[in-house]
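Taken together, the values in this text are just the output of simple stated rules run on the coordinates, not laboratory data. Nothing here was measured: the structure is a model prediction, and the numbers come from that model. In this analysis, Cβ positions are derived from the backbone assuming ideal geometry, glycine residues included, and neighbour counts consider all displayed protein chains.
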Amino acid sequence: MPEAIATPGRLVPPVPLADAATPSSRRLLWHYRTNGLRAWPKAAYHDDLFVREMFGRTTVLLNRPDDIRHVLVENDGNYGRTRPGIRIIRPLLGMQGLFLATGDDWRRQRRSAAPAFAPRAVPGFARHSAEALAEALAELPADGGAGIELLAWFQGLALDVAGRALLSLPLRAQAPQIRAILDGYGRRYGKPGFLDFFLPLGFPGPRDLARRLFQRRWFRLVDSIIAAREKTQPTAAGGDLFDVLAAPDGSGPGRETLRSRVATFLVAGHETTAVTLFWTCWLLAQAPDWQERIATEAAMLDLGPDGAADAVTQLDATRAVVNEALRLYPPAFVIVRMAKGCDRLSSGAVTAGSVMMIAPWVLHRHRRLWDDPDAFAPQRFLPGAPPPDRFAFLPFGAGPRVCIGASLAMVEAVLATAALVRRYRLGLDGDGPPVQPVAIVTTQPDRRPGFRLDRR
C-alpha cells in the first residue's frame, strides 16, 4: 500500500494506519479518541470484510457494495445507531431533530423537509451561495496575500449559506461565536470514553453531565437564532425550511423540539461543507494544472446571484475536483450501525448486537474498488468517465437516511471553489510538515495551514 502520493510540489501525507493488525480494545478506543482513521490496518483496505472484537462485541467493517446496500437500504430497519454515537451527537443536535429521530417521528420530519431540498430548490441554493460568497470574498485581501487561514473562512461562509438558504437569516456575524462553541465541544466532549460503550443511554456518566452543561450553553445560542428568525420574513415566497420545522404537521412543535430541529440543520448544514472546501483547496494548492482548468471554465461564467444557477451546471471540472476531494477526505469518515436482530449478508451471517461499520475513508481508498486509489485524480468524475458503484462512493451516505442536504452542499462547494480559484492562484505557505487528516466527529486537518493567495 503506497505510503505517500506524489503530486506537484508536495507529498500528500500517508494513509493513517493502525499500529497493529489486531489492536487491543483499549488501543482501539485510544484511536477513536485521537484519530479514528488509525483504527484500520492495511488489511482493511484490501478485504471485503474485516472482523474484530472490541470490548467483547463483534465489529464488522463492510467493503462489499452489495453488503453495504443491504445494511443501508434493503434491511435498514434492522440497523440502528449505537450508544456511543448517540451520546456524542445528542448534545449537539438533541434527540428530536432529523439526525437522531426514529420511527414515525423521523418519517414525518423527512417527508416534511424533503420539498425544501428537491431539485426545484437548487436555483435558490445557488443564489444564496452566490450572495454569501460575494460578501465573504470581500473579506479576503483584494490583491491576495500569504498566511491566510482558509478553514475559518470556509466555516463562516458555510454557516452563512446555511442560514440564508434554510432560515432566511445571514449568519456570518455569528459564525465566530458558533464555531468557538462547536470547536470546544469537539476538543473536550466529542470523543468516546470507556463508559460511553457500556452505560445505558438513560444512565449518565461524568462525561454525559459535562455534555449536558455544554448543551445548555449551545442551545441558548440556538434559541437566540430562532428568536431572530421569528422576527424575519422568509426570503422565498412559499416560506423556508424554518417554516417547515416550526409547523411540519400544521401545528407548532414544542420549543425543545424546534430547538433540536434547527440545531440539526445548522450543524449538519455547514460542518461537512466547510471541511470539504478545505480539503478541496488543500489538494488544489498542490495541483496547479487543475487550478488552471477550473479558472478557465469559470472565467466566462456569471457566478453572481443571477447567474449562479446556470453556472453550476457548467462547472464540470470543478465538480470533479470536489468529488475527488470527497473521495479522498470524506467528512463523514464512518457510518456505524448496530444489528437489532440476526441477518445474513452475502459474506456471512450477522448476529444481533453486532456493530456494522461502513467507513467511507476506507471504502474510497479500497484496492479492489478503485484504480490507484491514493492518487488525486479528478478525471475519475469528469463527464464520460465510468461512474463508480453507487455503494463504493458514499460522501453523503445512502438509503433512507442519505444526507438530505447533499444538493445544497454540492452547489455551495462547487460555486465557492470556482469563485476562489477564478480570483486567486492557491498555494501553501512555508515548508512545515504535511497536514495530516484527523477524524473524531468529522475528518479535520491536524493543523490549520496558511494559504498563499496570488491574485490572477
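Side notes on the structure shown:
- Taken over the alpha carbons of region 242-380 as equal point scatterers, the Debye sum produces base-10 log I(q)/I(0) values at 0.18, 0.22 Å⁻¹ of -1.08, -1.23.
- Within the shell of other residues whose beta carbon sits under 11 angstrom from the beta carbon of Ala39, the net charge comes to +3, with Lys and Arg scored +1 and Asp and Glu -1.
- Of the peptides 128-138, 53-63, the order by per-residue mean of other Cβ atoms within 10 Å, starting with the highest, comes out as 128-138, 53-63.
- Every helix of 4 or more DSSP H residues in the chain counts as -39500 (n - 2.57), and over all residues that averages to -13500 deg cm²/dmol at 222 nm.
- Each of Leu258, Ala295, Ala332 was scored by the projection of its Cα onto the charge dipole of the chain, and the greatest displacement toward the positive side belongs to Leu258; charges sit on the C-beta of Lys, Arg, Asp and Glu.
- In order through region 373-390: 3J(HN,Hα) via Karplus (6.51 cos²θ - 1.76 cosθ + 1.60), integer Hz, x for Gly, Pro: x, 8, 7, 7, 9, x, 4, 4, 10, 6, x, x, 6, x, x, x, 4, 3
- When only Cα pairs below 8 angstrom with a gap of at least 6 residues are kept, region 70-215 shows a relative contact order of 29 percent.
- Since only Gly103, Phe203, Phe214 are under comparison, the one whose Cα sits farthest along the positive direction of the charge dipole of the chain, derived from C-beta charges on Lys, Arg, Asp and Glu, is Phe203.
- Gyration tensor verdict on region 174-319 (Cα atoms; rounded if a/c is under 1.5, prolate if a/b is larger than b/c, oblate otherwise): oblate
- Among 336-342, 43-49, the order from most to least packed when residues are scored by Cβ within 10 Å on average: 43-49, 336-342
- Derived from the Cα gyration tensor, the three semi-axes of the equivalent ellipsoid of region 62-198 are 33, 22, 16 Å, largest first.
- Kirkwood Rh and Cα Rg combined as Rg/Rh, the chain: 0.94
- Shape of region 250-307, Cα gyration tensor, a/c cut at 1.5: oblate
- Simple point charges give the picture: +1 on the Cβ of Lys and Arg, -1 on the Cβ of Asp and Glu, and for region 156-212 a dipole about the Cα centre of about 120 debye.
- Here the scattering of region 13-91 is modelled by Debye summation over its C-alpha atoms, one equal scatterer each and no solvent; at q = 0.13, 0.18, 0.21 Å⁻¹ the log10 of I(q)/I(0) is -0.49, -0.93, -1.17.
- Taking a ≥ b ≥ c as the square roots of the Cα gyration tensor eigenvalues, region 207-285 comes out oblate, since a/c reaches at least 1.5 and a/b does not exceed b/c.
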